[in-house]
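The values are calculated or read from the model by the stated rules, or taken from the named source; none is laboratory data. Just so it is clear, the model here is predicted, and its values are computed rather than measured. Cβ placement follows ideal geometry from the backbone for every residue including glycine, while neighbour counts extend to all protein chains displayed. Quick note on the areas: whole protein, heavy atoms, side chains included, nothing else; ligands and nucleic acids left out. Shrake-Rupley method; radii C 1.70, N 1.55, O 1.52, S 1.80 Å.
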Amino acid sequence: NDSSADNQYDRTRGELSPGTGAPTQAQLMQVIESGSSERLASLLEYGELVQCHACVPLLERRLLESDDALTREMAAWWLRRRPFGFAAVFRDIRTALANDANPVRRARAAEALGEFMDPNGVRYLREAIARDADPRVRAAAVAGLGRINSPAGIQGIVEAFSDSDASVREAAVGQVLYVNLFRDHDALMGLLADENVDVRRRAALALGT
């Protein structure tokens, strides 16, 4: 037997073993448009290497429009692995975060930037925390900084400790135990006197941990 034939990489289908059932572009597009979140997750995971440029705008739309968290997470996971399409997707999502009129879409854009786990997203998430009028967007941006887990994002999390909305402050404290190199314990101590009991509780737990 010729073992090289068994290990040939099929660029079109994105699989190491041709014929083992990696999804085709058509199958991917069909599930992106109408499949369940579980089916989408499994197909995207197996089709990680499938080259489907037409899938990119479809998944980008799901990032902003889907009500299902798993769908949005898997869409971001697949898109961040596109070597030639990711830069355009990143630009579109950060533009949506800054300019979309719908705060739900802006919050989902912030969530997506976090799921991309690209340190270049820190700047745009910090801008959203500082400028967006909707606390849902600011809270999503704080969570996004935690997801990226870059030293450059820690100051943005600390700045959110003083946000006017308790949900944003609580979201910020919630990231403390997930990010590396957090050292601003004085700022965290200050939240023990927060007017909101949930913020105080989270701060105490974080300090104790």
Sites removed, the longest contiguous part of the chain containing no DSSP-loop trypsin sites (Lys or Arg not before Pro) with at most 10 other Cβ within 10 Å is 12-182
Measuring from the longest principal axis of the C-alpha atoms of the chain, the long axis of helix 25-34 (C-alpha) lies at a number of degrees, nearest 10, equal to 40
dims of the chain, Cα set, principal axes, largest to smallest, nearest Å -> 71, 40, 27
Check: C-alpha center segment 187-204 vs C-alpha center segment 115-146, spacing in Å is 21
Scattering profile of segment 86-209 from the Debye formula, Cα beads only, expressed as log10 I(q)/I(0) at q = 0.14, 0.18, 0.20, 0.21 Å⁻¹, is -0.53, -0.84, -1.00, -1.08
Taking N as the residue count of segment 136-196, its alpha carbon Rg divided by 2.2 N^0.38 Å gives 0.99
For segment 47-97, the per residue accessible area (1.4 Å probe, Å²) is 46
Largest fluctuation, Val173, Val89, Val31 only, Gaussian network model of the chain with Cα springs under 10 angstrom, belongs to Val31
Segment 49-96, Kirkwood Rh and Cα Rg, ratio Rg/Rh at 0.93
Correct response: the longest run of the chain lacking exposed chymotrypsin sites (Phe, Trp or Tyr not before Pro), defined by DSSP loop and at most 15 other Cβ within 10 Å, is 85-177
Given unit charges at Cβ for Lys, Arg (+) and Asp, Glu (-), the dipole magnitude of the chain about its Cα centre in debye, nearest 20, is 360
Those GluC sites (Glu not before Pro) from segment 129-209 that are DSSP loop and have at most 13 other Cβ neighbours within 10 Å turn out to be Glu195
From DSSP H assignment alone, runs of 4+ in the chain each adding -39500 (n - 2.57), the sum over residues rounded to the nearest 500 puts [θ] at 222 nm at -19000 deg cm²/dmol
